[in-house]
Each structure stands twice: as structure tokens, then as C-alpha cells.
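As C-alpha cells, the structure follows; a few thoughts come after it.
Quick note: the coordinates plus some simple rules give every number you see, no bench work behind them. As the structure is a computational prediction, the values presented were derived from the model and not from experiment. Cβ coordinates were reconstructed from backbone atoms using ideal geometry, including for glycine residues, and neighbour counts include every protein chain displayed.
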Amino acid sequence: MTARHGGPRRPAGRSVTLNDLTAQALTALQAAGLDFESLALDAGFRRKPGHDHLWYVADTGVGRNGQPWLMVTAGDAKVTGDVSTPLVVYKSWETGRATIDPAEAADIQRQIEAASRRRGEEDKARREAAAQQARALWAGASAQINGHPYLEKKGVKAHGIRRSGDRLLIPVTDAAGTLHGIQAIGPDGAKRFNTGATLGGHFHLIGKPAGRLYLCEGYATGATIHEATDAAVAVAFHAGNLEAVAKVLREAHPGAELVVCADDDRDTKGNPGLTHARAAAAAAGGLVLVPSFRRPGPGDTDFNDLARSEGLAAVRSQLQRPERVERVATGLSVIAADRLPPEPIAWLWDGWLARGKVHLLAGAPGTGKTSVALALAATLTTAGRWPDGSTAAAGSVLIWSGEDDPRDTLVPRLIACGADLSRIHFVGSVTEEDGIRAFDPARDADLLRDQAAAMDPPPALLIVDPIVSAVNGDSHKNAEVRRGLQPLVDLATVVRCVVLGISHFTKGTAGRDPVERVTGSLAFGALARVVLAAAKVSEEDGGGRVLARAKNNLGPDAGGFTYDLEPLELPDHPGVHTTRILWGAPLEGTARELLGKAETVDDPDERSALEDAKAWLRHTLSFGALDGKELKRLARIEGITERTLYRAAGALGVDRRAQGFGKARLWSMCAKTPMSANEKGVAETGRHGEDVSASANGCHTQSLGTHEQSGTHGDGETAATGVAPLRQEGDQEGCQPESLAPFADVGPLRADAEPFLEEF
């Protein structure tokens, strides 16, 4: 970890003073993130006052030519875990001149060795003094610990610790149990070590090692792990000390299964907790275990946080399941391509459902996504016919639903589809030592994998509804989505089944690429090998629904089928009403094309959004034509999607013809289109309630002559740089030219801006 830094070379012909070298060394240390304002030269080991974790040693001497030299070693104990590993080594003789005389180098080396011996003696005395201080503190402390605020806050007990006043004292020992220092924890959780205490390879041990031995950073985490498992736990105090302690523990307990319990510092650059844990496990042949939170809160990083948020049973469940342990790689194999014979995709439904892969089925509410999935499941259980007429191979199905009850919703739909219920299984509850809880895809994917693999026969199809439940964290972050879905990817690979996750479309995204419309991070669509999309067809266009293939990394990525939902009452179950899928004709075209033709504004919210957009557009263009790019920008500010804007423009008959030499598009009203009542209300009051009453009927006919435009529009509308003439009257039949508003940069003008408009 040693980095070499230095200041600028000294100018030729000028003697360098020790002050010059000190200034250069300080610059190097500060550039490396070690915030020292001054250096005490030849003073041995020093710490920064008030920041004991920052340390340095500054040795000086004189070369054979009479020039001074300076060597500084410095580090940060919070990063390295101790004060023995430097982060910066500054050597003035390496930075101050290009070469050095061999005899002078030997002379400097002798001086450094002498300084090191002196410093070693000082360090030994300092460590002994710290140990004596620790023994005195420990002897004067009480073993009676009752109601300490820190322990109560963390929800843990006292294990081999004492109390002095309002401070908890945690012993810092070596493998032999020799006391080297004390960590004091105040009521507010503030932690300090006694002066001179060294951490390198030292720790606090809870319990007696036997079998599995856990290693973690802090006391509260260690106490939680011990209370959950009764196993021995070593507390290293700092992430940077994990590796040194792991090596000591491996030497002291060679037969133990060492598990490093990492702090998941996911919100900290580089995730130091996990990084150091992996390094410790790699150095000692151990394992790494990371806490998995159902819904992590701010600052939730370790197993104590997990216990406080989800209970000690959750900690016990994760700690005692070896399959959750991340094994540290010690090597990498490389396989020649000629040793890997090609294999065909194992299709469950040719071109649509592939074994061993993750799929998505997404759509807007009301499209019958779950019903489609159940219809596919029913076809599989009876070796029936897929929508394209091909015959399915009989297989079993496993279903987890977090939204629908199997008894009153899912089973009736399966019966209506003619499913063989003996081949269908539902994921139930999870049994733990202290009780039963609901299955959680974000926590229990490994359990699901093992159970699915143990079924006879294993399921050919696994339905997860909704798939977002598998993500433990923010479903809009790529890294967390990929981390959450990876267990499902592994499950699909191990069990060789189709994993079909159900998801929703984000509201207001109609018209966009269906894969991009899936709610949450784009990683959902990226990770899935096949994405299916569902949509409703308007009643004006005949009704029904459409299933389209939006993405397929394994085969054709276009085409689809029509389908409908038929309501019915189950003949053998009076009073049980449900629906079933009726497949229709095949469709050609991309998913974007098929969904674009199908989707309408049947949704009341979407219908209202269209009416608002029409009113806003009519009002905005009543002051004159606007550049298309600017109009879209203003619409976004108003919360109007581009698709809704285009729908509104189409409904109003807005002219969007190219103008001028650069083919820039100007949007303008070209007919007197009657307002709806809703439009009138919006036009008169504005989207945010302001009075904007102005005539929106008809078009202005005056021309401003020229208009300066530039830029490229998102829809391919390209504006010319420079001045382009406006179209003249009669350029478009049936549409009079609009005035071009010269104030496009100030947004839509309100009625109260009209005096300014007239004055201009």
C-alpha cells in the first residue's frame, strides 16, 4: 500500500533547507489525504492531536555533500487498522534530485537504520506504557454492568467487558489473552482507545472457539452474532484490522471454520467493510458473510443493524446457513473453447420460454399479466398447446405470489384454464427455530433453489409475482437490482427451469420501447433474457389484449398474439367467479408497434392527462408558433410526457411542418378547434391555478418575418443555425401561418404578460 510522493525538484544551484523539505513533505502528505499542518522532526512516533488515527515519523540527516535530507512515513489507522502500515513514504533524496551517489546512499541508509532502532525502542516503551495503563484501567473497572445506554440501544449484553463510570471498557488482547489496550465506549456510542494502544492483530474474543469462529469489526456486532449462535466471535475493532486478526486466528486455531462477517458499507466509496472482509478471508482461508436486509434503512450495514430491524431470528437464519456464505476465490480456471461443445437452447416454448433463463412479463394494470402466466402454466401441466399451436412437454410449476391469494384467486384461474393442479405447487412459509414466517424472495432465494432442486420432478416453470420483491433495497438502482436478481439467475441455471417474473409498466411511458417501460431500474430488462409485454386494445379498435415479444436474446424478438379475458363461474364450485385466457390470432411486428396500436387512453388518469395537455398546448400556441424542441422542454416542465404531447397535438390538428432552410419544425395552431369544458377550465386557470385566461380559439395571422433557431430535436427535428424565413401564407392548404413568439426562452406567456408583448 506504499505510495511515493514528493515535491518539486529544487532549482539547480540553490541549497535546499530543512524547512523547504518539510514544506514539500507536508504537500505530499496532504495530497495523499493525510491532513497534517506541521511535522515535528526527529521526534519519533507522533500522532495528530485530536486525530489519534493519523500518525507519522519524520527522520532527518545530512548527506556527504552537506545537504539535509528528510524521510517521512505516515498513515491512517482507520484505513490500515494499525500504525505499522504506512500509506505515504516521502524521501527527499528521491524527489530532490535525479541521482544519488552510492556512498551517500549508504550513509543515508545507516542514518535511517539508526533512527529506526531508536524509534523501535521508543515504540516498545510506548506500547508497554499503553499496556500498563490498560491493566490499571481494567483493574479499577467494575464487572457489574447494568442498564448502560449503549448496550440498551444496541440490544446486546455484556460479554467479557467492564464499566468505569459511564464508559464501557472493551479489552484489546492478543491470542494468548495478554492485554494491550482498552477501547472505551461512551453512552453516546463514541469510541476511543487509551493512548498508545496498538490494534495490529489484537482483538476482543467473545466465547470459546470450537468449530466455526466468526470475525467482525465492532463489539455490538460481535455480541449480536454470539447471542444468535453461541459461537465464538473475535472483534477486530476496525475494518483495516480484520486481515491481521484473521491471520492470527488462523495460526491459533488452524482447524476452525473462519467466517468473516462484513459490514456492508455500500454507501461508502469502495465499500471498505466488504473489501477488507474479503481480503481477510483470502489471507486466512476463510469465508465471507454479508448481512441481507429486507428493506435496509439509512446506516444499516452490519448484523447488529439486522437484529434491531428484523430480529435475532433473522441473524441466526443467515449465520447458520452455509449456502449464504460467500467463498473467496483463490484461483481462476480458463477453459479452451474447443473443449466446450455447443449446445442448443432448451426451449420450453420455442422462441418464447427458455429453460435455465430469467424472463419478464410486464404490462399496465388490467392487462391480465398474472392470468397470462397462469394460462401458460396450465398448458405446461397438461401438455397442451401453446398459443402458436405447438405442443408443450408436460412439466410441473412452482408459483410464488405476493399479491394474490391462491385459494380465492390463483387456483380458480388455474381450474378455469384446465390446469392439472397436481403438477402445480405454491411457495409457502419459512420455518425457523423460533417460529414460522412468510417467504421473502429477497432473503430466501437460496432456500427456494434448494427446495426446487429437491422436488421430483423439479419444476419446469417458476412464477415470481412480482419480481421486484426479490430486490432487497432500491429497485431503481442497477447494482442493487442485479444483486437481488442474481439468486434467481442461479436458481434458473441450477434447476434448469424457466423463471418468469411479473412486473408493471411505469405510468405515463406508453409509446416508448417496452423494455424501457418496466418499472424500476433498467437492470430488470437487461438481466432478463426474454421480455414479454402485454397491453389492452381499445373498445373502438375491437377490444381484447395483445401479448408481444419485446426482447429475446436467444431467438426472434418480434411478433405476438391476441388474447382475451373471459369471465366465468366455475361449474363445480358455485359462487366462485374467475377469468380465463382465450388465445387469438398471431401478430406480426415489433412489440413497440403492436403495443402502440393497442394502447389507448382508456385509463381515466391518462384521459385526464390528455385533456390537460390539449388545454395547455392550445393556450401556449395561442401566443404564436413555437419551436418543437422548446415546446417539448416546456411540456416536460409542466409534467406532460412527449407521447401525451403528440397525442394532444394530433387531437388539436397542430401544424408541425418544417420551416426554413434548416428544416426546423414550428408548432402552431391551424384551425379553430372547439374547446372541451375541461380544456376551458385548464386554459382559464392554468395547471397550477394561476389566471391565464386568453383566447385559444383560432390562429394569429401576423408574421414576424424571421426566426433564429439552432439545435437538434429529439424527434429528428433539426433547427438551422442562423435566421430562417417563416413560411408564408398559403404554404399549407387550410392553415394560416402563426406568429412566432420571440420569447420562447421565458416559457408559455400568461395573460399578465400581454402588455409586455404589445409593447415589444
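Need one number: the % of Cα-Cα pairs in segment 364-447 sitting beyond the 17 Å mark. Beyond 17 Å sits 54 percent of the P(r) for segment 364-447.
Segment 400-459: percent of C-alpha pairs farther apart than 16 Å?
Values: 958 of 1770 pairs.
Of all Cα-Cα pairs in segment 400-459, 54 percent lie more than 16 Å apart.
Partner lysines whose Cα lies under 25 Å from the Cα of K208, excluding those fewer than 8 positions away in the same chain, are identified as K154, K157, K247. By the compact-protein rule of thumb, 2.2 N^0.38 Å, the alpha-carbon radius of gyration of segment 118-164 corresponds to a ratio of 1.65.
Annotation note: trypsin sites (Lys or Arg not before Pro) in segment 120-186 located in DSSP loop regions with a Cβ neighbour count of at most 16 within 10 Å are K157.
Per residue, the convex hull spanned by the alpha carbons of segment 199-327 comes to 92 Å³. Kirkwood-type hydrodynamic radius, segment 350-533: 16.7 Å, calculated from all non-identical alpha-carbon pairs.
Each residue of segment 174-262 gets 94 Å³ once the volume of the Cα convex hull is shared out per residue. Arranged from fewest to most other beta-carbon atoms within 10 Å of their beta carbon, M71, M455 become M455, M71. If you take the Cα centroid of segment 216-257 and the Cα centroid of segment 481-539, the two points sit 41 Å apart. Of S401, S371, S116, the sequence from fewest to most neighbouring Cβ atoms within 10 angstrom is S116, S401, S371.
The Rg/Rh ratio for segment 340-409, using Cα coordinates for both the radius of gyration and the Kirkwood hydrodynamic radius, is 1.01.
Look at where the Cα atoms of segment 21-99 and of segment 102-178 average out, and the two centres are 23 Å apart.
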